[in-house]
Amino acid sequence: MTTAEIDFEELFDAAPNPYLVLDADLVVRYANRAYLQVTGRTREGLVGRYILEAFPDTPAAPEAARDFGASLQRVLDSREPDVVAPHRFDISVAGGPGDLEERWWCGMSSPVLGPDGTVKWIIARADDVTEFMRSPVIRELAPPLNKQATGIAAQVYARSHDLEQLNEQLRQAHAHEREIAVTLQEVMLRSPDLDRHRDIAVRYLPASGSLNVCGDWYDVVDLPPDRCSIAVGDVVGHGLQAAAVMGMLRSALSAAIRAVPSPAQALEVLGLYARAVDGALATTVAKVLIDPRSRLIIYSNAGHPPPVLLHPDGSRQLLDQATDPPLGARPEHVPRPQAVLSYTPGDTLVLYTDGLIERRGEDIDIGLARLTDSLAQYSTLPVEELADALLAHLGVDGGGWDDIALVVVRL
């Protein structure tokens, strides 16, 4: 982009701070929208006028214009920025002709040099520091600050006020982005079949400090005549890119298990698909098929932490007999393993992503042991209560350093 394509008036008007643009003769050439708002002046009443004529002295501040003019002259002579300590300069009250309102201003002027090194333009900023100058902090100082110290304090106040406004804008933007992200994640994780299962509880927690989007997922698919397939997965990374990849893989696996109702074969199909999706390699997935007629859990695992089968007496078993590398880890296609485990009605199956058990600087086996020990304490709780108790016991009910997906199934 060239300078000819940049609309500088538009840029100045978008700035939240009050700015004037003066030429080398100290004639006002532009006043941005913020300057007009804070001073109550119009652009037509300023542009084309000599600055000290546009802002003459006021009765309560007979030297303010002179000092401001001296500052601008220093900018012209030194070709360096210059700061003006707080001065009182009253402005007209809207709707009250001749009435003036007390205002204090802190100014900073910066030169824009031409090709020959002389000052071509001056950008003058005016910060309203009336609230600061009226504050008890200033009035109660003993001894009072000198002019230089007061000027520095006022500049700090003005910048902090800018930061407060910026932070509020960022908070509003973040809240809006988070609202969008929550809606996006809810849409991508929506599972119509899940609504038919009161014996299944799911939890999704994004990493602390992140937007509500990530690469972790869960899915529940009902298969005829009365079987149920459940998956949890974890795409490498965070944010919208990982969430987009997650959405594609989740949909692909949901379709695959309907066409080839074998967890191992469904993961084989997903692995082949993942090779064509940028960012999908190294994704981990655990896939189980629950058959209530035979009371069997059929499962396959692509590099994912093992699900846990919890018995009412607190004993538990890991589904770790069909573990294979993550998606795309092998250069050539190899059939994935599959294992079968019997269960008893009243048992609980727990699937999760690694954010539930991993901690920085700690071996994952320690986290896995902590999970199974925690499950033993809550084996008889209803699934919703068990899910909440588990998250609280592991200290991640408010989110952890990594994203978490959790599925608890009462068999």
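The values are calculated or read from the model by the stated rules, or taken from the named source; none is laboratory data. Note that this is a predicted model, so its numbers are computed, not measured. Don't worry about glycine lacking a Cβ; one is built from the backbone with ideal geometry, like all the others, and counts go over all protein chains shown. Accessible surface is based on the protein model in full, side chains and every heavy atom, while ligands, DNA and RNA are left aside. Shrake-Rupley method; radii C 1.70, N 1.55, O 1.52, S 1.80 Å.
For the reader, a short list of remarks on this structure follows.
- Vicinal HN-Hα couplings computed from phi for region 111-117 (Karplus, 6.51 cos²θ - 1.76 cosθ + 1.60; Hz; Gly/Pro x): x, 10, 8, x, x, 8, x
- Simple Cβ-charge dipole of region 208-287, Lys/Arg +1 and Asp/Glu -1, about Cα centre, in debye nearest 20: 120
- Under 5 Å, built H, 5+ apart or other chain: amide partners of ALA329: ALA282
- For region 272-284, the Karplus equation 6.51 cos²θ - 1.76 cosθ + 1.60, evaluated at θ = phi - 60°, returns couplings of 5, 5, 4, 5, 9, 10, 5, x, 8, 5, 6, 5, 10 Hz by residue, with Gly and Pro reported as x.
- Using a probe of 1.4 Å on the protein chains alone, the accessible area found for ILE366 is around 90 Å².
- Sequence of SER109, SER251 from largest to smallest accessible area, 1.4 Å probe: SER251, SER109
- Working note: Karplus 6.51/-1.76/1.60 with θ = phi - 60° gives region 242-251 the couplings 5, 5, 5, 5, 4, x, 5, 5, 4, 5 Hz, where Gly and Pro are set to x.
- Accessible area of SER78 (1.4 Å probe, protein heavy atoms only, ligands and nucleic acids ignored): about 60 Å².
- Which of MET246, MET133 is most accessible, then next, and so on - probe 1.4 Å: MET133, MET246
- Ranking by accessible area, most exposed first, for ARG43, ARG198, ARG360 with a 1.4 Å probe: ARG198, ARG360, ARG43
- Amide H contacts for LYS120 (H built 1.01 Å from N in the peptide plane; partners 5 or more residues away or on another chain; cut-off under 5 Å): VAL112, LEU113, GLY114.
- ILE91 exposes around 20 Å² of accessible area when a 1.4 Å probe is run over every protein chain in place.
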